[in-house]
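A.B. asks: The following block contains the structure, expressed as structure tokens.
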Amino acid sequence: MRRIGVGLLFGFSAPFVTAASLVTETPMAEAPPGTVGLGFGFRFGESPYQGIDNVASVNNDNGTDLIPLYLYEGKYLFAHGTSAGIHLVNHDWLKLDLIGRYRFDRLEPEADPAYLGLESRRQTVDGGLEATIKSGFGHLRLGALWDLLDRHQGGEFEATYLYQFRPGRWRITPYISYLYQTEDLLNYYYSVPSEIPTPPIEPGLPPFPEYTVTSGDDFWRIGVNSSFQLSAGWHLYANLAWETVPDEAKASPMVERDHLLTGLVGATYYFGDLQQTQVGAERSGEWSLRVTGGYTAEETFHKVHRGAIAASDDVETYLVGLTVSRLLDDGEILDAWGRFSLNRRLENDYQDDFFEYVAYVMLMGTGYSPWSEQEWFRYGFGFGFSYAEKVPIVEQVKQAQRGRDTAHFLNYLEATVDFPTNLLLGNLGSKDCYIGLTIVHRSGIFANADILGNVSGGSDVLTGHVECKI
């Protein structure tokens, strides 16, 4: 393909994260406007809470947290894995962003018997403004973020100085950050109200004494980021960060650490760009529209691939949708398409119908006649995310049977095969229109992804479609 970059990312906490977030964001600073990518990261590190080794502070056996990364760097819009926003100002010396960023901080009482009786401390999304001032003496980043989901109801302020060295193919960026968290934020995650039962539920465990955070507090983070460019597309990253725990948090009886080490390992994959700089002139600006309709399947994604196409035994529900696609890269073997689907879930009176929003990248291959250049079929595989206004009833039923959680936001997979209509219908068809089948899949990635609610399970829909290039 003309330009598809693959990057491996090995890292600890990067400078461009909030203090509460124990995960880095995939570096996109040097990507040209319009770059689209997909990736994953394994988040790991220390929990500040006493007796908890799990980085997600939940009751499971995962030593790491898998994070799917959905990446885009545009002229105005951007998505950097765990953050997204709008470039309000983007000059050589100044960048001002309106940003939303996922905060991974949380505590589930089921994580350890000592916390039984406490209420959950939930994750959230913080949003606000970030400004980066660039000069030959380094970059200064200033940020102010507030809780957008009304959970901790507090805020965080950050000032980070970083300087980049560029010896050969290396990029080495040491940095230092000063951070301040408000009383409401710290109180939500670290206070112990009089909610612990007496005597404790677990025999032999003393209850935590009552504790209330009385003011906001500050702390520091230091670290270094590094990357090595193996080729035009391949990059290796290695980042390291160490941070202190605020005194107001450290005084909580739930907290046993006075500093934290955090990290991430993973990979990113870049697929062309929406500005069409990587698409040949003959296909520049190529779009397609697809209409989809089908039924909820009983079996899982890979079994439907093998011909298990029976409808669900639990519910009788349907999906109809419209997909808009744009060509990102006209590869020699695979084309890369950026796609957005607006689906309507028809729940057949089990609950109200609702919309599902899907954004993903599709890799599409083509099969040709061995005797001519005639196109015989296309086969594609897509990866992205799905947000459903309601949890599909099939997921509610199946997850309840297994005693597992559900989530509105899940990973999305799609497999499709179709055939040009001129091959099927002769002169009545068109070489630019296709008829085929699509398998739609929502999944929490086997409860390994904290950002997806640690859901193990999902749903599958088998659909037919008509797609035409425009």
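Since every read-out is calculated from the coordinates, none of them should be taken as a lab result. Computed from a predicted structure; not experimentally measured. Cβ: placed from backbone, ideal geometry, glycine included. Neighbour counts: every protein chain shown.
A.B. asks: Could you pull out which residues in segment 403-434 have an amide N less than 19 Å from a spot 7 Å beyond the Cα of residue 470, following the Cα-Cβ vector?
C.D. replies: In segment 403-434, the label zone of residue 470 (backbone N under 19 Å from the point 7 Å along Cα→Cβ) covers 421, 430-434.
A.B. asks: Work out, step by step, the length gained on full extension between residue 150 and residue 76: first 0.36 nm times the residue separation, then minus their alpha carbon distance; give nm to one decimal.
C.D. replies: 23.9 nm
A.B. asks: Here's something else I'd like to know. Full-extension gain between residue 119 and residue 355, please, as 0.36 nm times their residue separation minus the C-alpha to C-alpha distance.
C.D. replies: Values: separation 236, 0.36 × 236 = 84.96 nm, distance 3.18 nm.
Result for the pair: 81.8 nm of gain on full extension.
A.B. asks: Continuing with the same structure: Principal axis lengths of segment 281-469 from Cα atoms, whole Å, largest first?
C.D. replies: Taking the Cα atoms of segment 281-469, the three principal extents are 54, 31, 28 Å.
A.B. asks: Okay, moving on. Which FRET efficiency value, to the nearest 0.05, is calculated for residue 230 and residue 161 with the Förster distance at 30 angstrom and r the Cβ-Cβ distance? Could you put the intermediate results ahead of the total?
C.D. replies: Values: r = 29 Å, r/R0 = 0.97.
Plugging the Cβ-Cβ distance into 1/(1 + (r/R0)^6) gives 0.55.
A.B. asks: Sticking with the crude label model, points 7 Å out along Cα→Cβ, report the distance from residue 424 to residue 368 in nm, one decimal please.
C.D. replies: Modelled inter-label distance: 2.3 nm.
A.B. asks: From the mean inverse distance of alpha carbon pairs (Kirkwood) and the Cα radius of gyration, derive Rg over Rh for segment 395-454. Provide the component values of the computation, followed by the final result.
C.D. replies: Values: Rg = 18.5 Å, Rh = 14.3 Å.
Radius of gyration relative to Kirkwood radius: 1.29.
A.B. asks: Quick check: residue separation of residue 401 and residue 92 times 0.36 nm, minus the Cα distance between them. What number comes out in nm?
C.D. replies: Values: separation 309, 0.36 × 309 = 111.24 nm, distance 5.53 nm.
Between residue 401 and residue 92, full extension yields 105.7 nm more.
A.B. asks: Turning to a different aspect of this structure: Run the quick spin-label model on residue 53 and residue 178: label points 7 Å from Cα toward the beta carbon, then report their separation in nm to one decimal.
C.D. replies: Rounded to a tenth, the inter-label distance reads 3.8 nm.
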